[in-house]
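Participant: What follows is a single structure, and I will ask about it in a moment.
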Amino acid sequence: MKTALECMACYLRQTLQVSRVATDKESLHLEAMQRVSELIGAMDMERTPPENSVAVYGVISEVTACADPYLEIKQQSNEQALAVLPQFQKEVSVSSDPLATALRIAIGGNIIDYGAMHSFDVGAAMERCLKAPFAVDHSEILLQELRTLEKGAKVLYLADNSGEIVYDSLVVRELVAMGLNVTVVVKSGPIINDALLADAKACGIDTIAHVMENGTSCPGTPLDSCSDEVLQAFDEADLIISKGQGNFETLSESVAEIFFLLTIKCSVVGAHLAEISATSQQNLSGNGELVLFYYNGKA
């Protein structure tokens with residue numbers, strides 16, 4: 001997915017939002033806005049929005065002298081998700097289809113995104129995810145493929161945000177219980193509220209699956225920049241599950257077969273998904289629509 005004009009306004013919104021989280025000095029907020037404005041003028045619109053955002057967040061970090069503005073918020077997100085995890089574990093355990101329910105909860109957890117949205121109701125989103133229809137629903141394809149994999153087959157799970165990764169653990173546990181070999185990929189360096197190795201360990205996902213850093217501080221999975229280890233895992237995977245908008249934006253034109261699990265929080269992303277999934281754009285307006293989309297690498 002290429003960067004759109006709307007992304008430029010979003011970068012400026014994020015710059016003000018994040019610089020205010022990082023410091024209370026208004027002069028630094030202004031400096032960050034001015035420098036990002038200059039950066040936007042020379043931006044390569046052929047690159048994906050997450051790739052372009054790396055430079056934006058680099059400027060914010062440099063100006064505010066804060067490498068991880070969302071550190072405390074990420075920790076709180078993990079703690080809040082862990083506090084309600086037993087409730088969702090029960091939902092999964094009593095479900096007639098535990099794997100399908102776990103997938104729904106994981107998709108609902110994708111609402112926790114401080115880049116795309118500055119406010120959201122996690123509780124309402126998680127309650128809604130158990131009942132709301134998918135705007136794009138390829139869940140039966142995913143369930144069928146997962147259930148036909150041989151024991152020991154390799155599943156690559158691309159994680160997205162902190163807090164959300166706690167809900168991802170529900171899916172990972174189900175996959176491991178099926179005898180699948182699951183690798184969870186997180187970011188290597190801080191960017192917005194994306195999950196790092198520390199977040200994976202905080203929710204215990206490292207005790208049930210192999211966790212791998214992707215070699216970047218990009219809020220997505222830009223394959224050209226990822227580590228050789230991740231590229232090998234990507235190539236060798238029998239099935240790939242990708243969580244969140246950033247991963248979708250960076251992988252939506254790749255040649256791999258990928259199952260994208262996300263909530264749509266941006267009209268530009270919604271329009272792109274509508275195009276490649278042959279879905280009405282009216283159904284993907286960017287207001288938190290639930291999506292499980294099978295991308296066959298040829299769209």
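Participant: Tell me the residue from Met33, Met43 that is not assigned by TED's automatic domain parsing to the domain that holds Cys266 and not in a helix (DSSP H, G or I), please.
Facilitator: Just a single option satisfies the conditions, and that option is Met43.
Participant: Additional query: Might you let me know whether the range 175-190 holds any residue that is crowded, with 24+ Cβ neighbours inside 10 Å and in contact (Cβ under 8 Å) with a residue 60 or more places away in the chain?
Facilitator: Taking every residue of the range 175-190 in turn, none turns out to be crowded, with 24+ Cβ neighbours inside 10 Å and in contact (Cβ under 8 Å) with a residue 60 or more places away in the chain.
Participant: Going by the conditions given, is Gly58 under 25 Å from Ala159 (Cα atoms), small (Gly, Ala, Ser) and free of Cβ contacts under 8 Å to residues at least 40 places away in the same chain?
Facilitator: So Gly58 passes the test.
Participant: If you don't mind, there's one more thing I want to ask. If Ser277 meets every condition in (1) farther than 21 Å from Asn110 by Cα; (2) of a type in the set (Gly, Ala, Ser); (3) more than 18 Å from the chain's Cα centre (by Cα) apart from one, which number is that one?
Facilitator: (1)
Participant: Would you call Leu284 in contact (Cβ under 8 Å) with a residue 40 or more places away in the chain, over 23 Å from Ile165 (Cα atoms) and touching a Leu at 6+ places or on another chain (Cβ under 8 Å)? Working first, answer last.
Facilitator: Numbers: in contact (Cβ under 8 Å) with a residue 40 or more places away in the chain: yes; over 23 Å from Ile165 (Cα atoms): yes; touching a Leu at 6+ places or on another chain (Cβ under 8 Å): yes.
For Leu284, the condition - in contact (Cβ under 8 Å) with a residue 40 or more places away in the chain, over 23 Å from Ile165 (Cα atoms) and touching a Leu at 6+ places or on another chain (Cβ under 8 Å) - is met.
Participant: Consider Ala153 carefully, then state whether it is at pLDDT below 95 and either in contact with a strand residue (DSSP E or B) (Cβ under 6 Å, 6 or more places away or on another chain) or among the small types (Gly, Ala, Ser) (or both). Lay out the reasoning, then the answer.
Facilitator: On the way: at pLDDT below 95: no; either in contact with a strand residue (DSSP E or B) (Cβ under 6 Å, 6 or more places away or on another chain) or among the small types (Gly, Ala, Ser) (or both): yes.
No; evaluated as a whole, the condition is false for this residue.
Participant: Could you look through the range 23-38, keep only residues that are without any contact (Cβ under 8 Å) to a residue 24 or more places away in the chain and hydrophobic (A, V, I, L, M, F, W, C), and pick out the one that is nearest to Leu5 (Cα to Cα)?
Facilitator: Met33
Participant: Can you give me the number of residues within the range 110-140 that are small (Gly, Ala, Ser) and modelled with pLDDT of 80 or more?
Facilitator: Count: 3.
Participant: Let me ask another. List pairs: first residue in the range 145-159 and among the β-branched types (Val, Ile, Thr), second residue assigned to a loop (DSSP other than H, G, I, E, B) anywhere in the structure, Cβ distance under 6 angstrom, at least six positions apart or on different chains.
Facilitator: Val155/Leu180
Participant: I would also like to ask the following. Restricting to the range 224-262, name every residue that is over 17 Å from Ala195 (Cα atoms), in contact with a Leu (Cβ under 7 Å, 6 or more places away or on another chain) and not aromatic (Phe, Trp, Tyr).
Facilitator: Answer for the range 224-262, where residues must be over 17 Å from Ala195 (Cα atoms), in contact with a Leu (Cβ under 7 Å, 6 or more places away or on another chain) and not aromatic (Phe, Trp, Tyr): Leu231, Ala233, Ala237, Asp238, Leu239, Ile240, Ser254, Ile258.
Participant: Tell me which of these Ser280 doesn't satisfy, since it passes every other one: (1) modelled with pLDDT of 95 or more; (2) loosely packed, with under 15 Cβ neighbours inside 10 Å.
Facilitator: Ser280 satisfies every listed condition except (1).
Participant: Quick one: which strands (runs of 3 or more DSSP E) lie wholly within the range 182-299 and hold at least 2 residues that are within 25 Å of Arg13 (Cα to Cα)?
Facilitator: Result: 258-264, 289-295.
Participant: Does Phe234 meet the test of being within 13 Å of the chain's Cα centre (by Cα) and aromatic (Phe, Trp, Tyr)? Please lay out each step first, then the result.
Facilitator: Numbers: within 13 Å of the chain's Cα centre (by Cα): no; aromatic (Phe, Trp, Tyr): yes.
So Phe234 does not fit the description; no.
The values are calculated or read from the model by the stated rules, or taken from the named source; none is laboratory data. Treat the numbers as computed from the prediction; the structure is a model and nothing was measured. Please note: Cβ atoms are built from the backbone with ideal geometry, for glycine as well, and neighbour counts cover all protein chains shown.
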